[in-house]
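The block underneath contains the structure these notes are about, expressed in structure tokens.
The values are calculated or read from the model by the stated rules, or taken from the named source; none is laboratory data. The shown structure was predicted, so the numbers you read here are calculated from the model rather than taken from an experiment. So basically every Cβ, Gly included, is an ideal-geometry build from the backbone, and we count neighbours across all protein chains shown.
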Amino acid sequence: MRQTYYAKNGEITQEWRHVDAEGMRLGRMATEVAVVLMGKHRPEYTPHVDTGDFVVITNAEKVVMTGNKAEQKMKNSFSGYPGGQRSRSYADLMETKPEFIVEDAIRRMLPKSRLGRQMLKKLKVYRGDTHPHQAQNPTPLEINI
């Protein structure tokens, strides 16, 4: 009789991965990174345990959006007060906060639960090509697009 293997907290060694986002399409990169954050790339993936790796993304300002998405796609926010609704295009956000666009695309692909919030904490997004995680020796993550 075979037993189903379930990973337990602390059994999985989480690695550090590095992605250079220069010239990559936003959505395609975000799906690959979300899979690694959830741990679905591992054979010992368990849905209720965080089996994913840490991911460091650099060059967030050089990510590519195809078509007219940068000008037409809008990010809405609401302060909760009357007249407090703001809409900004992705082109405006790419100039001021490109890390937010990359992080938001990946966040929306993760589970909407406590476990998803825990997975999102393992994502580190930076604007330039340098990051403060050199001590962890992140291995490059191959993204096939």
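Taken across the stretch 123-142, residues that are among the charged types (D, E, K, R), surrounded by fewer than 10 Cβ atoms within 10 Å (Cβ to Cβ) and over 14 Å from the mean Cα position of the chain (by Cα) do occur, with at least one present.
Quick check on GLY80: is it surrounded by 15 or more Cβ atoms within 10 Å (Cβ to Cβ) and among the small types (Gly, Ala, Ser)? Answer is no for this residue. Pick out the one residue from MET1, MET38 that is farther than 21 Å from ASP129 by Cα, out of contact with any strand residue (DSSP E or B) (no Cβ under 9 Å at 6 or more places or on another chain) and in contact (Cβ under 8 Å) with a residue 60 or more places away in the chain. Testing whether each residue is farther than 21 Å from ASP129 by Cα, out of contact with any strand residue (DSSP E or B) (no Cβ under 9 Å at 6 or more places or on another chain) and in contact (Cβ under 8 Å) with a residue 60 or more places away in the chain leaves just MET38.
Sort out which residues of the stretch 1-22 are loosely packed, with under 11 Cβ neighbours inside 10 Å and either under 16 Å from the mean Cα position of the chain (by Cα) or among the small types (Gly, Ala, Ser) (or both), and write them in order of number.
Quick first cut of the stretch 1-22, residues loosely packed, with under 11 Cβ neighbours inside 10 Å only: 1-5, 8-10, 13.
Matches in the stretch 1-22: GLY10 only.
Which one of these is among the β-branched types (Val, Ile, Thr) and within 17 Å of GLU142 (Cα to Cα): THR66, THR46, THR31? I'd like the intermediate steps shown before the answer.
Working: THR66 fails: within 17 Å of GLU142 (Cα to Cα); THR46 fails: within 17 Å of GLU142 (Cα to Cα).
THR31 is the lone residue from the list that is among the β-branched types (Val, Ile, Thr) and within 17 Å of GLU142 (Cα to Cα).
Residue-wise test of (1) under 12 Å from MET119 (Cβ atoms); (2) out of contact with any Ser or Thr (no Cβ under 9 Å at 6 or more places or on another chain).
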residue: LYS40; (1), (2): yes, no
residue: THR58; (1), (2): no, no
residue: GLY67; (1), (2): no, yes
residue: MET74; (1), (2): no, no
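Considering each residue of the stretch 59-77 in turn, none proves to be touching a strand residue (DSSP E or B) at 6+ places or on another chain (Cβ under 9 Å), of a type in the set (Gly, Ala, Ser), without any contact (Cβ under 8 Å) to a residue 24 or more places away in the chain and assigned to a loop (DSSP other than H, G, I, E, B). In this structure, LYS124 qualifies as at pLDDT 95 or above, in a strand (DSSP E or B) and either touching a Pro at 6+ places or on another chain (Cβ under 9 Å) or among the charged types (D, E, K, R) (or both).
So which residues in the stretch 4-35 are of a type in the set (A, V, I, L, M, F, W, C), in a loop (DSSP other than H, G, I, E, B) and closer than 22 Å to GLY128 by Cα? Break it down stepwise before answering.
To start, the set of residues in the stretch 4-35 that are of a type in the set (A, V, I, L, M, F, W, C) comprises 7, 12, 16, 19, 21, 24, 26, 29-30, 33-35.
With in a loop (DSSP other than H, G, I, E, B) added as a condition, the list becomes 7, 12, 21, 24.
Across the stretch 4-35, the qualifying residues are ALA21, MET24.
Here's the yes/no breakdown for (1) closer than 20 Å to GLU99 by Cβ; (2) modelled with pLDDT of 95 or more; (3) in contact with an Asp or Glu (Cβ under 6 Å, 6 or more places away or on another chain):
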{"residue": "VAL33", "(1), (2), (3)": "yes, yes, no"}
{"residue": "LEU37", "(1), (2), (3)": "yes, yes, no"}
{"residue": "ARG42", "(1), (2), (3)": "no, no, no"}
{"residue": "PRO47", "(1), (2), (3)": "no, no, no"}
{"residue": "VAL55", "(1), (2), (3)": "yes, yes, no"}
{"residue": "THR58", "(1), (2), (3)": "yes, yes, yes"}
{"residue": "VAL63", "(1), (2), (3)": "yes, yes, no"}
{"residue": "GLY67", "(1), (2), (3)": "no, no, no"}
